[in-house]
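S.K.: Let me give you the structure first, and then I'll get to my questions.
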Amino acid sequence: MVLTFVIQTFLARIYVIPSASMERTLHGCNGCNNDRVAVDKITYRFSEPSPGDVVVFRGPPTWGDNGESGGGGGQRSENVLVRGLQGGLSLVGLAPPDEKDFVKRVVATGGQTVACCDPQNRVTVDGQPLDEPYIYYQPNLGRTQADFAPVQVPQGQLWVMGDNRNNSADARVHGPIGVTDVIGKARVIVLPVGRWGGVPDTDPQAQVSALGAPTWTSGVPLAAGVLGAVPLVWVSRRLRARYRQADADDPPLDAPGRATPPRLPDR
């Protein structure tokens, strides 16, 4: 328990995804087998969140409890023993944490201006449309994002939005969050077992700055590696063949006419 407390306080912690606002990146709903994610609490001690990062953060006062929170003080029992058990279970992601925590994706950072939408129904940052392959449009909620006027994100704050774009109460409703509110970066889905895997942190702004590079270029490193490996394999096979031939031509140590190495006396 001491080791668990130290790890989850300073290194990483397991959080339960409480709502569907991050579908399909992260699964969550009432009565479901919700995802449990390991949240890295070290990275942002040395750097700040970047666009595309999926972050867990303490909800500022303006966020309140909108049904997407992973916890809340009112959910703790008044019984001291039960409350202590709930606190212990929250350390390993089997009960909600004490504070109201949320999980969203960083779309823009301090100093950038975010708005929606361009003619192709895309969010823009500093006038440039974002490429957001992670967006999910929940059936029966439409496939058009709600427009909002340009907002310049204050320095030291983040504009965060849910991947389930039309079923997420995020910065469009509550405003940006402070960098200091961020607890950590969601790294890995640890439960359920069938959902094991990393949490993608695709940078939507980097896609735009790629200058329209064709998709086939993504396979160039792999192709180059394969092509580079072919001559190496061929050379290694040739060398092995030569060594085998040399061994076959070389007479054994006890063959007639071959000097036998001296043997040390037994002592």
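S.K.: Can you work out which of the residues in the stretch 164-210 that are among the polar types (S, T, N, Q) and within 22 Å of Asp35 (Cβ to Cβ) is surrounded by the most Cβ atoms within 10 Å (Cβ to Cβ)?
M.R.: Looking at the filtered set, the residue picked out is Ser168.
Conditions tested, residue by residue: (1) modelled with pLDDT under 95; (2) more than 16 Å from Ser21 (Cα to Cα).
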position: Cys116; (1), (2): no, yes
position: Val123; (1), (2): no, yes
position: Asp126; (1), (2): no, yes
position: Pro129; (1), (2): no, yes
position: Asn140; (1), (2): yes, no
position: Leu158; (1), (2): no, yes
position: Val188; (1), (2): yes, yes
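S.K.: Given the options Asp40, Asp35, name the one that is at pLDDT 90 or above, under 23 Å from Gln157 (Cβ atoms) and assigned by TED's automatic domain parsing to the domain that holds Ser168.
M.R.: Exactly one residue qualifies, and that residue is Asp40.
S.K.: Of the residues Gly74, Gly52, Gly28, Gly59, which is surrounded by fewer than 18 Cβ atoms within 10 Å (Cβ to Cβ) and either over 19 Å from the mean Cα position of the chain (by Cα) or modelled with pLDDT of 85 or more (or both)?
M.R.: When all the criteria are applied, what remains is Gly74.
S.K.: Can we say Val80 is assigned by TED's automatic domain parsing to the domain that holds Ala146, modelled with pLDDT of 75 or more, out of contact with any Cys (no Cβ under 8 Å at 6 or more places or on another chain) and among the aliphatic types (A, V, I, L, M)?
M.R.: Here the answer is no, as Val80 does not meet what is asked.
S.K.: Give just the number: which of (1) of a type in the set (A, V, I, L, M); (2) buried (at least 17 other Cβ atoms within 10 Å of the Cβ); (3) modelled with pLDDT under 95 does Val92 not satisfy?
M.R.: Every listed condition holds for Val92 apart from (2).
S.K.: Any residue in the stretch 138-153 that is closer than 24 Å to Gly28 by Cβ sitting within a Cβ distance under 7 Å of a residue that is hydroxyl-bearing (Ser, Thr, Tyr) and surrounded by 14 or more Cβ atoms within 10 Å (Cβ to Cβ)? List the pairs, counting only those 6 or more apart or interchain.
M.R.: Note: pairs meeting the criteria are Arg143/Tyr137.
The values are calculated or read from the model by the stated rules, or taken from the named source; none is laboratory data. Bear in mind the structure is a predicted one, so any value in this text is a computation, not a measurement. Note that we place each Cβ from the backbone using ideal geometry, even for glycine, and neighbour counts take in every protein chain shown.
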